[in-house]
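Inspection log for the structure reproduced underneath, given as structure tokens.
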Amino acid sequence: MDRLPRWADVVLVPLISLLFAAIISALVLLAIGQSPVEAFKVMATGAVGSAYGWGYTLYYATSFIFTGLAVTVAFHAGLFNIGGEGQAQLGGLGVALVCLSLPWPHWTLALLAATAGAALFGAAWAAIPAYLQAKRGSHIVITTIMFNYIAAALLVYLLVDVLRPAGQMDPASARFPVGAKLPALNDIPGFDLIFTKPVPANVTLFVALGMAVVVWAILWRTRLGYQMRAFGKSEAAAKYAGINPVRITIIAMLLSGALAGMMSINNVMGEAERLLQNSSEGAGFIGIAVALMGRNHPIGVVLAALLFGFLYQGGAELGLWTSIPIEMRIVVQGLVILFTGALDVMVRMILQRIFGLFRSFKAAGVA
Amino acid sequence: MDALAKNMGRRATAAPFSIELKGISKAFGPVQANKDINFAVPKGTIHGIIGENGAGKSTLMSILYGFYKADSGQIFVNGQLTTIPDSQSAIRAGIGMVFQHFKLVQNFTVLENIILGAEDGALLNTSLSKARRVLRELAQEYELDVDPDALVEDLSVGHQQRVEILKALYRQADILILDEPTGVLTPDEADHLFRILKGLKDQGKTVILITHKLREIMEATDNVSVMRRGTMVATVKTAETSPEALAELMVGRKVLLEVDKGTPNPGKVVLSVENLRVRDEHGVERLKGISLEIRAGEILGIAGVAGNGQSELLAALGGMMWATGRVTLNGAELPLSGAGSDGQSRRAAGIAHVPEDRHHHGLILDFSAWENMAFGYHNAPQYQKNALFMDNDALIADTEHKMAEYDVRPPIPSLAAKSFSGGNQQKIVVAREMERNPDLLLIGQPTRGVDIGAIEFIHKQIIALRDAGKAILLVSVELDEIMSLSDRIAVMFDGQIMGLRDPATTNERELGLLMAGVAGSSSGAAA
Amino acid sequence: MMDYATLLQVLDTTLRLATPLLLACLAGLYSERAGIFDIGLEGKMLAAAMAAGAAAALTGSAWAGLLAGIGASLVFAALHGVASITFRGNQLISGVALNFLSSGITVLVAQALFRQGGRTPPLTGNARFNPITLPGAEALRDIPVIGPLYYEVISGHSILVYMAFSIVPLTWWVLFRTRFGLRLRAVGENPAAVDTAGVSVVALRFAAVGITGILCGLAGAYMATALQAGFGREMTAGRGYIALAALIFAKWRPVAAMWACLLFGFFQALALRPDVVQAVVQVKVPVPFLDALPYILTVLVLAGFVGKAIPPRAGGEPYVKER
């Protein structure tokens, strides 16, 4: 079979997958009696048509960059971490504990400490499945799914029975001190010229972008990344090279869990300013779609996170302004995972056919 | 020879041929695996097909068994034009196949494996009792006894192969194809297999035996066809040819396995192994107390049928498997399990390792050539920019240099390893390992799946390293390679060393006996 | 301590809650025994629940709902089959994708049909599978110990409960006593053996995935038309994953699967009665702990602390013919 040129592999395959997902989504909308064009207009206006919309889109994208990077790091080590959701929730717990522990004098200190807390708790939650995979061969996909549910149960218990302040009805932690409040984009000089209204997007965005660079450097510029990628491609070969499988599995999952946990500084500290039930709202799962769509490369992840930020904000707008339920965005999310992840081969086959035709036309033209 | 060859070319299809192929061609992308193949197998004969790795034997047989569809050509079975789109059609046409890698369900019983796909009716009990009866008959008829209720995973390799043959016979195959059947067998088991095949022939069945071992062809077959680079170059009567003539047909020129090498100049002992023992993950002892020594400036060749512990010996010394016993390198003891026994520690100690299987161990196929050049040596100081980062530029420059020196083609460091040919992939591995200037080189199957030109090049490199005063442990299933390269030969059988021989004074017959587990008088000359 | 009447109540609830787990678990058993991992049980159940709830509401017939549920689940099974068998895609990713797709599309369709916030209308009468009183239940009721057990626990469930439990021996028989079962197990262990025996790997795996679809359809239909009276968003609430956990817990064996589902169903029943739990163990046990218990147990099984779970050997690997 003909190989695809590299640019087609990197750019065209995800774009065509996206196109398929968009077409099917449009068909779904038509089937439930809605206008896809109208829906897209509402989404575009709401998500990127104003600075205010961008403020939400970027807020969602920030979370998705973290969870997308989390899935990416694990993927490169040959591990499919479905546990981003649970790790993010535990990260939220870490953020809450840090923020509530001291009357923070300045947000920079609080951010540093909360980031560490989020990473630590997220990594800790990934550590058990990692250990079980590395030492006892328990399938990481199943254990991380189980840990999502265990995390959810744990947080319900903590929020209802432990962290809930006396007299408060809803299961949530106390509000964080003022010193732990992160500047939103509308609070930052320069950005406040663009974002004139309060938006949820906050300084965490820059932390996320920084982490994308860090992940890139780790994967392609360090020995650790080299070993992770080699181990991910071939466990048997890694053994030959003396790469310690237990060490790599555990480190990769700790990194992955830490990244997933760190998304909580965006939503828990940057937006809600207290720990709520189900704080991550599925962002851990969206990380899977983001990583697949972004071809497991940090640049791709950032772009895909933006796209999903658009989808999430746009989807919320649909729920507000049209009779299309907000769940439309989950449909698109599922379709993107389906086409970029599971039907990857099909998309490639179609592209190869097209390229084959193109080549034979060219050959005929020359002859 | 000529008479038969004329027979093969005859147009009539009513001749008593079990199988007749006309003009079969098959290409995989740009690779022409089979080119215009014509050949015929007379009924009731054992027909050998011989050729080097990649000559197209297996592809041809896969076409016969319906695994691949030929691009062009015709297949006649018993004189009838037959299309074989899938395995089911092949079975219906009376063709049975015993693959090199058995197609058995490990946790099924022998009976369950036999009836799989050939059940009578939707319920199992009638099929099982019928199979039990038929199996008993076949066992008596062909020396094919095997416990019908044993789980396949508990059977020896030889018995598993019998199950495969029984599967084919249960499906009433008249034509039995065996693909490299003796590669995994002990000589005893192989002899038993050939007795079975003779028995089948006597019952009027046709046997096609694919192999690259001349000895088997000469011993077992009536006729033999020779394949070379996708074409069928000759079909001759076995009785009218000689191993030399067949070898020449196979390779296309006089086989010149004489390697130009001077007398060895052994120095001090580099590697000393005492009572090395290894168990596999099932707890089976694979190395049963190996002791050997290799001196600086000598090549110790390990001969043996595949699966007699050679792989485990390399794995234990290369840090891929835990072992017990005592191993010293230049007098310093190497840990054999736990911390300090991994591949990194071995490399640090001065052991380089060209593994037997470059696809699964030696290379990361998706990595570029330059990334592979650091594989196993990713911690080496010259590839680090500073404490944090690797120096990819230095690595690429280093790769360019090694590619030029070892004539790797194409010399493009950024090309993925999977895009190189087998010979060039092997050169990348060999360059990486030899250029570390190790005290000890472990090298397994150095020329498996490698073209002739690269074989000569790699052999020369091994000799050059020896002449530079390094110790070399060479493992190969190719006896010719062992005999022409080694300064001493150790023969392994069933996890033990059967004896040490001097290549100058031993011969293939003596080594063959040792490989078959027949202990000779230990010759002092080689020790 | 728990009195006998309370115990019977809890056991009765156990049976009702174990049923969807059991159906989904057996569904997964067919697929995984054939070498196709399916973490999309959840999505198929959800789709079936929505379709069953909708069809039952529109037609007034529970049986029409059941058929619709099976149909919807089969569509998702077919998608999983195309992705993982035909195009040899990653089976885990395909399952994740289909779960999301189902989670979203069920609400969309239910909303488009009924405009009740993504729910289907409440079902009554024949639109639901109603409890059946088994023969002799009334008569035997007064026999001490056994009578109430038969009347309260065994009798009085919907037909789907009895179907689910009779599928257990049926599945055992199919797997170990029929040609289809032999081939199904073989294709999950070594598809090359099946292929060279002249049997189509693709057809077998699609058949297995199809059975998975039907059984998930039953599970989902039970949720919407028997356990509850209609579909609500995310109503399966992770039961597909608990079923998956039960399957691992049972080491892919049908009878053990039944016991695992009963155990997990028992935990769910206890989670509804924290007062009972507290009375028995004399300590206040947080409800979330009971919720998490099936998952914790499964992790322990996976870790090999409670026996070793060895999945079918060819599981998760797309079949590619060797050269």
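The values are calculated or read from the model by the stated rules, or taken from the named source; none is laboratory data. Note that this is a predicted model, so its numbers are computed, not measured. Virtual Cβ from ideal backbone geometry, glycine too; neighbours counted across all protein chains shown.
Suppose we filter A:Leu259, A:Leu254, A:Leu219 for residues that are surrounded by fewer than 20 Cβ atoms within 10 Å (Cβ to Cβ) and assigned to a helix (DSSP H, G or I); which single one remains?
Answer to the selection: A:Leu254.
What number goes with the only condition from (1) within 11 Å of another protein chain (Cβ to nearest Cβ); (2) aliphatic (A, V, I, L, M); (3) surrounded by 17 or more Cβ atoms within 10 Å (Cβ to Cβ) that C:Val277 does not pass?
That leaves (1) as the condition not met.
Outside any loop (DSSP other than H, G, I, E, B), of a type in the set (A, V, I, L, M, F, W, C), within 12 Å of chain A (Cβ to nearest Cβ) and in contact (Cβ under 8 Å) with a residue 60 or more places away in the chain: which single residue out of C:Leu262, C:Leu270, C:Leu290, C:Leu247 fits that description?
The match here is C:Leu247.
Does A:Thr204 satisfy the criteria of being more than 21 Å from A:Tyr60 (Cβ to Cβ), crowded, with 20+ Cβ neighbours inside 10 Å, in contact (Cβ under 8 Å) with a residue 12 or more places away in the chain and among the polar types (S, T, N, Q)?
no
Go through the stretch B:162-175 residue by residue and tally those that are under 23 Å from B:Asn107 (Cβ atoms) and either modelled with pLDDT under 90 or not in a helix (DSSP H, G or I) (or both).
1
Return the residues of the stretch A:330-346 that are part of a helix (DSSP H, G or I), within 21 Å of the chain's Cα centre (by Cα) and at the interface with chain C (Cβ under 7 Å from one of its Cβ atoms); say none if nothing qualifies.
A:Ile330, A:Val331, A:Gln333, A:Gly334, A:Leu335, A:Ile337, A:Leu338, A:Gly341, A:Ala342, A:Asp344
Restricting to the stretch A:222-233, count the residues that are surrounded by 21 or more Cβ atoms within 10 Å (Cβ to Cβ) and either hydrophobic (A, V, I, L, M, F, W, C) or at the interface with chain B (Cβ under 7 Å from one of its Cβ atoms) (or both).
Number of matching residues: 5.
Restricting to the stretch C:183-215, count the residues that are facing another protein chain (nearest Cβ under 8 Å), part of a helix (DSSP H, G or I), touching a Lys or Arg at 6+ places or on another chain (Cβ under 9 Å) and of a type outside the set (A, V, I, L, M).
The total comes to 4.
Against the definition (more than 20 Å from B:Leu64 (Cα to Cα) and of a type outside the set (D, E, K, R)), how does B:Ile217 come out, yes or no?
Judged against the criteria, B:Ile217 is a match.
Evaluate the stretch B:332-342: report whether one residue or more is in the same structural domain as B:Glu189 (by TED's automatic domain parsing), more than 23 Å from the chain's Cα centre (by Cα) and part of a loop (DSSP other than H, G, I, E, B).
no
Mind checking which residues of the stretch A:109-145 are aromatic (Phe, Trp, Tyr) and more than 13 Å from chain C (Cβ to nearest Cβ)?
A:Phe121
B:Lys167 versus (1) more than 10 Å from chain C (Cβ to nearest Cβ); (2) touching a residue at least 60 places away in the same chain (Cβ under 8 Å): which is the lone unmet condition?
(1) is the only condition that B:Lys167 fails.
Sort out which residues of the stretch B:321-331 are away from chain A (no Cβ under 13 Å) and assigned to a loop (DSSP other than H, G, I, E, B), and write them in order of number.
Once the filter is applied, which keeps residues that are away from chain A (no Cβ under 13 Å) and assigned to a loop (DSSP other than H, G, I, E, B), the stretch B:321-331 yields B:Ala323, B:Asn330, B:Gly331.
Tell me the helices (runs of 4 or more DSSP H) entirely within the stretch B:209-320 that contain at least 3 residues that are of a type in the set (D, E, K, R).
Once the helices (runs of 4 or more DSSP H) in the stretch B:209-320 are filtered for at least 3 residues that are of a type in the set (D, E, K, R), what remains is B:214-220.
Please specify each residue of the stretch B:114-154 satisfying the condition of being assigned to a helix (DSSP H, G or I), facing chain C (nearest Cβ under 9 Å) and touching a helix residue (DSSP H, G or I) at 6+ places or on another chain (Cβ under 6 Å).
B:Ile115, B:Leu124, B:Ser127
If I filter the stretch C:110-134 down to residues being over 11 Å from C:Arg233 (Cβ atoms) and β-branched (Val, Ile, Thr), which single residue comes out as nearest to the other protein chains (Cβ to nearest Cβ)?
So, considering only residues that are over 11 Å from C:Arg233 (Cβ atoms) and β-branched (Val, Ile, Thr), the one nearest to the other protein chains (Cβ to nearest Cβ) is C:Thr124.
C:Ala64: out of contact with any Leu (no Cβ under 7 Å at 6 or more places or on another chain), small (Gly, Ala, Ser) and without any contact (Cβ under 8 Å) to a residue 40 or more places away in the chain, yes or no?
So C:Ala64 fits the description; yes.
Which ones in the stretch B:115-164 are of a type in the set (D, E, K, R) and touching a residue at least 60 places away in the same chain (Cβ under 8 Å)?
Within the stretch B:115-164, B:Glu141, B:Glu164 meet the criteria.
What tally of residues in the stretch B:349-374 results from selecting those that are at the interface with another protein chain (Cβ under 9 Å from one of its Cβ atoms) and over 18 Å from B:Gln445 (Cβ atoms)?
Number satisfying all stated conditions: 5.
How many residues does the stretch B:375-406 contain that are more than 7 Å from chain A (Cβ to nearest Cβ), part of a loop (DSSP other than H, G, I, E, B) and among the small types (Gly, Ala, Ser)?
The number of residues fulfilling the criteria is 2.
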